[in-house]
Amino acid sequence: MNNQPPKLPLRLLRWFCDPRLLTYIEGDLLELFEERVSNKGNVKAKWFFVWEVIKLFRPGIIRSFGGTYRLNQYDMFRNYIKIAYRNMMRYKLYSSINVLGLTIGLAVALLLLIHIRSELSYESGYQNHERIFRVASTHWAKKTPVLAAHLEQEMPEIEKIGRLYFLQSKVMKFGNEEVLMEKPYYADPAILDIFTLNFLEGDAKHALDDPSDIVLTRSVAERVFKPGEQRLGAEFILMGSQKYYVSAIVEDLPKNSHLKIDCMMPIAGTWVETAESRGWGGVSTYALLHAQEDAQKIEARLLDFQARFLNETKEDILAEGDLYELNPIDEIHLTSHREKETEANSDMSYLYIFGSLGVFILLVVVINFINLYVSQSLNRLKEVGVRKVVGAGKGQLIFQFLTEAFFLVGMSAVLAFGLVLLAIPYYNDFGNVEINALELASPTVLLMAMGLVLIVGFLAGGYPSFYLSKFGIRQGLKTGEQKVKHKQYLRSGMVAFQFIIAVFLLTSTVIVSQQMDYIHHKELGFDHEGVVAFKLHGALWYQVTTNADLARRELHTKSGVQSVSLCSEIIGDRLGWEPFGLDKNPENAITARFIRADPQFVETMGIKLEKGAISKNLTGTQFILNESAASQLQQQENLIGQAANNDYQRVKCHVSAVVNDFNFVSLHSEIEPMVIEIPKDIRAASGYLLMRINAGNVKETISGITEYLESMAPGTPIVYHFLDNRIENLYTTENNMFAIFELFSSVVIGLACLGLFALFAFITRARTKELGIRKTLGASISQLLLLLSKGYLWLLLGSIVLVIPLTMFFSEEWLSNFAYKIDVRWWQFVLPGFFVLLMALVAIVAQSWRAVIQNPIDSLRDE
């Protein structure tokens, strides 16, 4: 049967029908006729075709009865959507891949957009956040307590200034219960006004006036008090003696803030308030300025103020390089990485990485869309010709194809929103972030999403629309080889570009993975496996430190406990700098990190003893140096037994031992000089109870230890950490970044291969007859596969070569953040490139194989 559309008298149609209607329906008629022919037994298809023909003559029928027919914009748009839908149904595979790719790409871009917006919104929950600044210095986030009063006196631009001092986690007694406060602070009353905290109960003006006041946050109040229980005036006891009474309940601080607070007590009357040292940095100082612009005026005078305040010359301060600064609180989370930060901050560079990932993914899906859309358009050139014959203009054709593109993009956008809603809880767990699904409904996100849809729609549909609409009637009704070649150049360039992105991301993933693996397995200079640290607080601190020898003997009787030690800090805690020198050479004094511990600390931590010995029968204080401290003292020989001192603590004793260098902080920093001070009385410096336990029956061992500690201090919360977990927490930001980067890099590579798979499916289908002819003339299967793939394989090889210097540059930039890092090797670039090449080859062969093994008779049947 001749499968050609019926030859309708063109003059009669133009006289009897509205020519514009022909423009919109003629394409449908052609498709419906083909469907009717291919489904001769389908009654529904036949009647549907008849109905469409009747609709085609609707204008003439209306005019025959004296009526007036006018085609409106709604009819036009409706027909465009209908044509787009039918094209989707006609090419289900390619349309499904297009919609799926766009949906995934837009969903990932939306997730990354919300993530980035969440990171950039830190501190925006405070009413006056633009005018709030933290007073810090180049290297230190915290400063001396006496600084605030002097600044307020000399800087009239400051409206209010207040201090916060973090107490470390504390146990407070409430009635017969002990309540763990993980984030307790001493605070000035001005802090309540600076951060405009929302008061739920109590007097906002006098909440911290009395030294016995305590302000609780909502979450703590709900955890401690029963519903309906009187909260104001309730008594809390700190450290067994200091009594506080609830003066107010405030709303929890915003989650997107560098401050995390459980409760606040007045700083007035505490030892912090009476500290007179101008060099000690222990409190966070926040200033509310009259205007944001006043920060520049203050900073212009800060150097002179610092010189007077510290009684130093400006030259000495500049030489030291630690200058007073005003940090806008909006920038702390992403840009501040000073000593003594309140919380571990993120990094702006990771937002650039996530933003780049989102752009890369959008580029890949847009390239896939354009490639497939243009490839499908080859089958619609005759449709373009017919539409122009019946009166369609170039503008109408452009609008039609743009409408179809936006139809696909809009459908993908709706599906992407639904996918994001489903994915947010898993994304939060996966990336250890806190993204609220309500962010999707915010005007900013909706406007940016609409802008994203418009940009993607115009990029994806713009080229095909303008390209197809430019053909004349003869060109439209005759497929030419020149057109195919023209599109192949652009298509090849876009395929090469998306595989440059894929190889770049995979290579970067390999390098980041190698660095993270290096971090997790590098020898740190001590044996951290099997070491558990129990936090000492409240009654537990009192009982353990008062009866240290008894506690140690009892714990040694527990199954699995090898050694027990008391110490002031554990790995991950940022140790303070203190002066240290030998009495023999006071001019060679150094500044070192200090940690206080008992004689069992070195054994429990598995630190190697290099020189000397540690006496367990304490008659006085001992100093144990690491190798870096010993080296800086410039006296390696006869160091053991030398008289030494710590002027800051006014401690004088002798050096008893030297231990190997060990990493007490993350590998971002090099090993620094460290002194382990073993005081005669460790009680005041005890913050943790360390224990080394056997690897077997860990659960049983921890249970026995916990049971004994609970018997010592009934009701006190038992909090413990494995050092392995603490070390892992040092790299939380990097681990989260790598997990998200790895996931979305895989998405990019998958989308690139999916696009190539669909593209080759279409190319192979278009060249089926050519392959049949070549096979008839004697071409082998391998020759046909090579014919189809060699051009793209050369493109991919070129992409690998081009991407190597780019990846090397960015990898070196990222690795520069680590003091200890891997060496970049050649295979880290070559293997990922060949992996992507192999995946692309699989996609090509998978689609080409069926065509090259097909019987030539089937390929040439229609000729």
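Within region 726-735, the set of residues being open to solvent by 40 Å² or more (accessible area, probe 1.4 Å) and either in contact with a Gly (Cβ under 6 Å, 6 or more places away or on another chain) or aliphatic (A, V, I, L, M) (or both) comprises Arg726, Leu730.
Is there a residue in region 153-160 that is touching a Ser or Thr at 6+ places or on another chain (Cβ under 7 Å) and within 25 Å of Arg134 (Cα to Cα)? Walk me through how you get there before you give the answer.
If we filter region 153-160 for residues that are touching a Ser or Thr at 6+ places or on another chain (Cβ under 7 Å), which is where we start, we get none.
Looking through region 153-160, none of the residues is touching a Ser or Thr at 6+ places or on another chain (Cβ under 7 Å) and within 25 Å of Arg134 (Cα to Cα).
The set of residues from region 560-579 being at pLDDT below 85 and surrounded by fewer than 20 Cβ atoms within 10 Å (Cβ to Cβ) comprises Gly572, Asp573, Arg574, Leu575, Gly576, Trp577, Glu578. Once region 352-368 is narrowed to residues that are among the small types (Gly, Ala, Ser) and touching a helix residue (DSSP H, G or I) at 6+ places or on another chain (Cβ under 7 Å), the residue that is surrounded by the most Cβ atoms within 10 Å (Cβ to Cβ) is Gly358. Only one entry in Met155, Met181 is modelled with pLDDT under 90, open to solvent by less than 20 Å² (accessible area, probe 1.4 Å) and at negative phi, namely Met181. Out of Lys173, Lys160, one residue alone is open to solvent by 60 Å² or more (accessible area, probe 1.4 Å), modelled with pLDDT under 90 and assigned to a strand (DSSP E or B). It is Lys173. Residue pairs whose Cβ atoms lie under 8 Å apart, separated by 6 or more positions or on different chains, with the first residue in region 784-795 and in a helix (DSSP H, G or I) and surrounded by fewer than 17 Cβ atoms within 10 Å (Cβ to Cβ) and the second modelled with pLDDT of 75 or more and of a type in the set (A, V, I, L, M, F, W, C), are Leu787/Ala779; Leu793/Leu837; Leu793/Leu841. Mind telling me which of the residues Ala207, Ala221 ends up being assigned to a loop (DSSP other than H, G, I, E, B), at negative phi and surrounded by 14 or more Cβ atoms within 10 Å (Cβ to Cβ)? It is Ala207.
Can you confirm whether region 153-160 contains a residue that is out of contact with any Gly (no Cβ under 9 Å at 6 or more places or on another chain) and more than 30 Å from Ile298 (Cα to Cα)?
At the first step, the residues of region 153-160 found to be out of contact with any Gly (no Cβ under 9 Å at 6 or more places or on another chain) are 153-160.
Going one step further and asking which of them are more than 30 Å from Ile298 (Cα to Cα), we end up with none.
No, region 153-160 contains no residue that is out of contact with any Gly (no Cβ under 9 Å at 6 or more places or on another chain) and more than 30 Å from Ile298 (Cα to Cα).
Table: residues versus (1) in contact (Cβ under 8 Å) with a residue 24 or more places away in the chain; (2) surrounded by fewer than 18 Cβ atoms within 10 Å (Cβ to Cβ).
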| residue | (1), (2) |
| --- | --- |
| Ala644 | yes, no |
| Lys652 | yes, yes |
| Arg683 | yes, yes |
| Ser686 | yes, no |
| Glu700 | yes, yes |
| Thr706 | no, yes |
| Ala713 | yes, no |
| His721 | yes, yes |
| Asp724 | yes, yes |
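Of everything in region 186-204 that is among the aromatic types (Phe, Trp, Tyr) and in a strand (DSSP E or B), the residue that is most open to solvent (accessible area, probe 1.4 Å) is Phe199.
Let's see how each residue does on (1) more than 25 Å from Tyr731 (Cβ to Cβ); (2) open to solvent by 50 Å² or more (accessible area, probe 1.4 Å); (3) modelled with pLDDT of 70 or more; (4) among the charged types (D, E, K, R):
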residue	(1), (2), (3), (4)
Gly798	yes, no, yes, no
Leu802	yes, yes, yes, no
Phe818	no, no, yes, no
Trp827	no, yes, yes, no
Gly833	yes, no, yes, no
Ala840	yes, no, yes, no
Arg850	yes, yes, no, yes
Arg861	yes, yes, no, yes
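Specify which of the listed residues (Leu378, Leu334, Leu318, Leu397) is modelled with pLDDT of 85 or more, open to solvent by less than 60 Å² (accessible area, probe 1.4 Å) and out of contact with any Gly (no Cβ under 7 Å at 6 or more places or on another chain).
Result: Leu334 is the single residue among Leu378, Leu334, Leu318, Leu397 that is modelled with pLDDT of 85 or more, open to solvent by less than 60 Å² (accessible area, probe 1.4 Å) and out of contact with any Gly (no Cβ under 7 Å at 6 or more places or on another chain).
Can you spot a residue in region 157-174 that is touching a Leu at 6+ places or on another chain (Cβ under 8 Å), within 28 Å of Gly715 (Cβ to Cβ) and β-branched (Val, Ile, Thr)? For region 157-174, residues touching a Leu at 6+ places or on another chain (Cβ under 8 Å), within 28 Å of Gly715 (Cβ to Cβ) and β-branched (Val, Ile, Thr): present.
Could you please find all residues in region 78-118 being under 19 Å from the mean Cα position of the chain (by Cα) and open to solvent by less than 30 Å² (accessible area, probe 1.4 Å)? Reasoning before the result, please.
First, the residues of region 78-118 that are under 19 Å from the mean Cα position of the chain (by Cα): 104-118.
Scanning region 78-118 gives Gly105, Leu106, Ala107, Val108, Ala109, Leu110, Leu111, Leu112, Ile114, His115, Ser118.
Collect the residues in region 764-790 that are in contact with a Ser or Thr (Cβ under 6 Å, 6 or more places away or on another chain) and more than 21 Å from Leu841 (Cβ to Cβ), keeping them in residue-number order. Within region 764-790, Lys769, Gly772 meet the criteria.
Look at (1) part of a loop (DSSP other than H, G, I, E, B); (2) closer than 19 Å to Val655 by Cα; (3) of a type in the set (Ser, Thr, Tyr) and you find that Ser631 fails only one, number (1). In region 119-150, the qualifying residues are those that are assigned to a helix (DSSP H, G or I), of a type outside the set (Gly, Ala, Ser) and open to solvent by less than 50 Å² (accessible area, probe 1.4 Å), and the one that is modelled with the lowest pLDDT is Glu119.
Exactly one residue out of Ala548, Ala589 is open to solvent by 20 Å² or more (accessible area, probe 1.4 Å), among the aliphatic types (A, V, I, L, M) and modelled with pLDDT under 85: that is Ala589. Among the residues of region 173-187, those that are closer than 17 Å to Arg218 by Cα, touching a strand residue (DSSP E or B) at 6+ places or on another chain (Cβ under 7 Å) and not hydroxyl-bearing (Ser, Thr, Tyr) comprise Phe174, Val179, Leu180, Met181, Pro184.
The values are calculated or read from the model by the stated rules, or taken from the named source; none is laboratory data. On a predicted model such as this, the values are computed, not experimentally measured, just so you know. Quick reminder, even Gly has a Cβ in these numbers, built from the backbone with ideal geometry, and neighbours come from all protein chains shown. Heavy atoms of the whole protein, side chains included, go into the accessibility calculation; ligands, DNA and RNA do not. Shrake-Rupley method; radii C 1.70, N 1.55, O 1.52, S 1.80 Å.
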